[in-house]
Amino acid sequence: MSDIDKLWTLACSGDGQAFGDWAGRVERPVLLSLRIFARAIDTEGIVQETLLRMWQRSQADGPTIEGEHASLRFAVVMARNLALNMARKLRREHLVQPEHIPVDPQAPRTDPASDPLLRRIIEKCIEALSGAAKKALEARLLRGHVPDAVLANSVDMTRNTFLQNITRGRRQLADCLRQNGAHEHEAFR
Amino acid sequence: MSPDDRQEVLIEATIGAHRVLDADGLPIPPPEWWDLSPEACQMAFESRMRSRAIERELHPRGWSTSVQAVMERLHL
């Protein structure tokens, strides 16, 4: 049984932390599967809604999905259905790029495990950022689920200045990752 | 602010994981998302993907801010 399947089984027994760990492992392949919808819809909302519905399913039905990475496959199909419905609702189906649909949408790439070396490089690069850009980007990377207005206020910036500082910070971070040879890491593809 | 800088800020406003919910409880895009061209939406997607990878590495359990947003919605 894969790590993802073990975490899913634990989540189905009501273990919320295991569900969070499962979500952390499947989020990337789910998001990647939505690349074809990137021009048509807000994929962030679809990812979150998919994960939320997977929790609801885990509690309602238990571990009824069978096969290796079955929960991930199920989540990918659910995400694509939600995305398609959203594109239709917004009348933006024409912006979906079917040429980017994987040959076998049932076989998503699984997420690589965390890489300690990559983490050290990221931490080093963030540490090297300059004042306001560092404060803003750190706030967003660590607490980006909080409204920007709240985050901006916590670092004594207006929302617009906060956003400008994040973009500055991202550019500096990208340069540093490139200089350290980390920009082509699998996690970024 | 140059047009490129303005677009960069608009894109950045859509990369955060916070989403307001509509009457049906579904996440809705930030207001800035509607001002993005399809090409800019694609750029936002790629930037968001890179950001989530970094967030996962920085979180002790590997939870990106998207996962943290869901955990908060579920009160887990």
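If you scan region B:1-32, which residues turn out to be of a type in the set (Val, Ile, Thr) and either exposed (fewer than 12 other Cβ atoms within 10 Å of the Cβ) or within 20 Å of A:Gly45 (Cβ to Cβ) (or both)?
Applying the first criterion (of a type in the set (Val, Ile, Thr)) to region B:1-32 yields B:9, B:11, B:14-15, B:20, B:28.
Answer for region B:1-32, where residues must be of a type in the set (Val, Ile, Thr) and either exposed (fewer than 12 other Cβ atoms within 10 Å of the Cβ) or within 20 Å of A:Gly45 (Cβ to Cβ) (or both): B:Ile11, B:Thr14, B:Ile15, B:Val20, B:Ile28.
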Every residue from region B:10-29 that is touching a strand residue (DSSP E or B) at 6+ places or on another chain (Cβ under 8 Å), free of Cβ contacts under 8 Å to residues at least 40 places away in the same chain and charged (D, E, K, R):
B:Asp22
Being over 26 Å from A:Arg53 (Cα atoms) and modelled with pLDDT of 95 or more is the requirement here; does B:Val67 meet it?
no
Which residues, counting only those in region A:14-53, are more than 9 Å from every other protein chain (Cβ to nearest Cβ) and of a type outside the set (Ser, Thr, Tyr)?
A:Gly14, A:Asp15, A:Ala18, A:Trp22, A:Val26, A:Pro29, A:Val30, A:Ile36, A:Arg53
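Looking at the structure I just gave you, is A:Ala174 assigned to a helix (DSSP H, G or I) and among the small types (Gly, Ala, Ser)?
Working: assigned to a helix (DSSP H, G or I): yes; among the small types (Gly, Ala, Ser): yes.
So A:Ala174 fits the description; yes.
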So how many residues does region B:30-70 have that are facing chain A (nearest Cβ under 7 Å) and in contact with a strand residue (DSSP E or B) (Cβ under 9 Å, 6 or more places away or on another chain)?
1
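Taking only region B:15-26 into account, find how many residues are under 11 Å from the mean Cα position of the chain (by Cα) and facing chain A (nearest Cβ under 7 Å). So that I can check it myself, show each step before the final result.
Taking region B:15-26 and keeping what is under 11 Å from the mean Cα position of the chain (by Cα), we get B:15-19.
Okay, now just the ones that are also facing chain A (nearest Cβ under 7 Å), so B:16-19.
Final tally of qualifying residues: 4.
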So which residues in region A:136-183 are under 18 Å from A:Cys125 (Cα atoms), over 18 Å from the mean Cα position of the chain (by Cα) and not hydrophobic (A, V, I, L, M, F, W, C)?
A:Asn165, A:Thr167, A:Arg168, A:Gly169, A:Arg171, A:Gln172, A:Asp175, A:Arg178, A:Gln179, A:Asn180, A:Gly181
Look at A:Arg143 and say whether it is within 12 Å of chain B (Cβ to nearest Cβ), touching an Asp or Glu at 6+ places or on another chain (Cβ under 8 Å) and under 26 Å from B:Arg6 (Cβ atoms).
no
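The values are calculated or read from the model by the stated rules, or taken from the named source; none is laboratory data. Because the structure is predicted, anything quoted here is derived from the model rather than measured. With ideal geometry, Cβ positions are generated from the backbone for all residues, glycine too; neighbour counts draw on all protein chains shown.
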